[in-house]
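The values are calculated or read from the model by the stated rules, or taken from the named source; none is laboratory data. Computed from a prediction, not measured in an experiment: that's the story for all the values here. Glycine gets a Cβ as well: all are built from the backbone with ideal geometry, and neighbour counts include every protein chain shown.
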Amino acid sequence: MAYNATQIPLDCYVVTPSDSVANPGFGFRVSGTAGDVAILTGAGRTVTVPAVQVGETIAVVFSKVLSTGTTAVGITAFGPT
């Protein structure tokens, strides 16, 4: 899937973090419990965004929200489903 970070996402969905299943997006928001969010970026790097607070939105292209390293609960992704 090709990503264009200049596009406004057309959809959003609740993310179930997974180390094996792709769940791509252009950003995410935490709405349940604050914590770390581990992602596989659009550039292919594994990055942990630390201490994401409830209501905080992070704008980054990613292909997965990883279960390993993710402690935040209630993550909504913006972008393709």
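Quick grid of which residues meet (1) modelled with pLDDT of 95 or more; (2) of a type in the set (Gly, Ala, Ser); (3) within 13 Å of the chain's Cα centre (by Cα):
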| position | (1), (2), (3) |
| --- | --- |
| Thr6 | no, no, no |
| Ser20 | yes, yes, no |
| Val52 | yes, no, yes |
| Gly55 | yes, yes, no |
| Lys64 | yes, no, yes |
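One residue alone among Gly44, Gly32, Gly69 is part of a strand (DSSP E or B) and either touching a Lys or Arg at 6+ places or on another chain (Cβ under 6 Å) or surrounded by fewer than 19 Cβ atoms within 10 Å (Cβ to Cβ) (or both), and that residue is Gly32.
Any residue in segment 4-24 that is of a type in the set (S, T, N, Q) and in a strand (DSSP E or B)? Taking every residue of segment 4-24 in turn, none turns out to be of a type in the set (S, T, N, Q) and in a strand (DSSP E or B).
Reported count of residues in segment 13-64, each being within 11 Å of Ile75 (Cα to Cα) and touching an Asp or Glu at 6+ places or on another chain (Cβ under 9 Å), is 4.
Just wondering, is there one or more residues in segment 38-58 that are touching a strand residue (DSSP E or B) at 6+ places or on another chain (Cβ under 8 Å) and basic (Lys, Arg)? No, there is no match, as no residue in segment 38-58 is touching a strand residue (DSSP E or B) at 6+ places or on another chain (Cβ under 8 Å) and basic (Lys, Arg).
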